[in-house]
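What follows is a set of notes on a single structure, which appears directly below.
Quick note: the coordinates plus some simple rules give every number you see, no bench work behind them. The structure displayed is predicted, hence computed values, not measured ones. Neighbour counts are summed over all protein chains in view; Cβ atoms, including those assigned to glycine, are modelled from backbone coordinates with ideal geometry.
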Amino acid sequence: MKFSAWMSALVVGLLLLLGSVYVVNEGQTGLVLKLGRIVSTNVGPGLHFKVPLVESAQVFDTRLQVLDAEPERYLTSEKKDVSVDFFAIGAISDVQAFYRATGGDESVAVQRLTPIIKDALRNEINSRTLQEAVSGDRAKIVGDQLALINRGAANLGIKITDLRIKRIDLPEGGEVIGQVYRRMSAQRYQVASKLRAEGEEEAQKIRSQADREQAVIAAEAERDAQKLRGEGDATATHLYAEAAQRDPSFYSFHRSLEAYRKSFSGGDSVIVLDRDDPFLQYMKSDR
């Protein structure tokens, strides 16, 4: 019995010892509650003790955290839709205020902090045109609202050290993106029309140049052909003249045969001549 009582006391003592010790790591801070009331805050790193069953301790991460929200749609000063994708970097600055505002639940802190950031960005985007929002200085957009965001975040015991806009897009299916696509299409059509007109103009120049070159080549060829025909005719005339000088009777005979061939080339020609006509001298028989 004494051994069992001793063991029971040892177990109870160990449980009380474990319940009275808590550890705060680097980058964390501790908060001690006594019967639900805060009695100690900003407990630094190390091994710490508390009264078992009466006091409880909670440990919070005070390092920088990233709040990555879903893209939000805003209206510009021209009532044009834009989709803004952003993230915030912050940390717990006042653990007591954080616990009182959220009960120590980080998800509750995110739910309450996100609307504060979105409202601040909405005010900034609403005051700018579409071009200023999309192509403007994003650091200025954020910087103008960071102080306002921190005033709201201070109630949650949080301080936002940086706010970054990852992307500003035209929302899918929105009227603006349709207008942009139509404008881009019209611009591409103008460029294509200009290129086609320039191509047609260049093609017309090439065709005109080719037609001129063809006309010049044909004229030069005809000129050369006429020259060659003239030279051929001159040569033939010269040969005929030489042949006539060497044998006048043969030349006369040849000329008559040529005349006969041309006269009767149709096959149905009829020539009426006197029988003593010189044209028929080579058609007469000596017998």
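Each label point is 7 Å from the Cα along the Cα-to-Cβ direction; what then is the distance between the points at Glu213 and Glu200, in nm?
In this crude label model, Glu213 to Glu200 measures out at 2.4 nm.
Excluding same-chain residues fewer than 8 positions from Lys262, which lysines have a Cα within less than 30 Å of its Cα?
Lys227, Lys284
Determine which lysines satisfy two conditions relative to Lys194: a Cα distance under 19 Å, and not lying fewer than 8 residues away in the same chain.
The qualifying lysines are Lys205.
Under a straight-distance cross-link criterion of Cα-Cα below 30 Å, which lysines are reachable from Lys166, leaving out those fewer than 8 residues away in the same chain?
Reachable lysines: Lys79, Lys80, Lys118, Lys140.
Of the listed peptides 147-153, 158-164, 188-194, what is their order by residue-averaged count of other C-beta atoms within 10 Å, with the highest listed first?
Numbers: 147-153: 16.3, 158-164: 17.9, 188-194: 10.0.
Highest-to-lowest ranking by the protection proxy: 158-164, 147-153, 188-194.
So if R0 is 25 Å, what FRET efficiency would Thr114 and Thr41 give, r being the distance between their Cβ atoms, rounded to the nearest 0.05?
0.45
Just to confirm the filter: which GluC sites (Glu not before Pro) across the range 24-113 are DSSP coil and have at most 15 other Cβ within 10 angstrom of their Cβ?
When the GluC sites (Glu not before Pro) of the range 24-113 are filtered for loop state and at most 15 Cβ neighbours within 10 Å, Glu26, Glu78 remain.
HN-Hα J couplings of the range 45-58 from phi, Karplus 6.51/-1.76/1.60, θ = phi - 60°, integer Hz, Gly and Pro as x?
So the Karplus estimates, Gly and Pro as x, are x, x, 9, 10, 10, 9, 7, x, 6, 10, 10, 9, 10, 10 Hz.
Length gain on complete extension for the stretch Asp162 to Arg183, per 0.36 nm per residue less the alpha carbon to alpha carbon distance?
Gain in length upon complete extension: 3.9 nm.
What is the fewest-to-most order of Asp94, Asp61 by other Cβ atoms lying within 10 Å of their Cβ? Working shown, then result.
Numbers: Asp94 17, Asp61 13.
Ranking Asp94, Asp61 by Cβ neighbours within 10 Å, fewest first, gives Asp61, Asp94.
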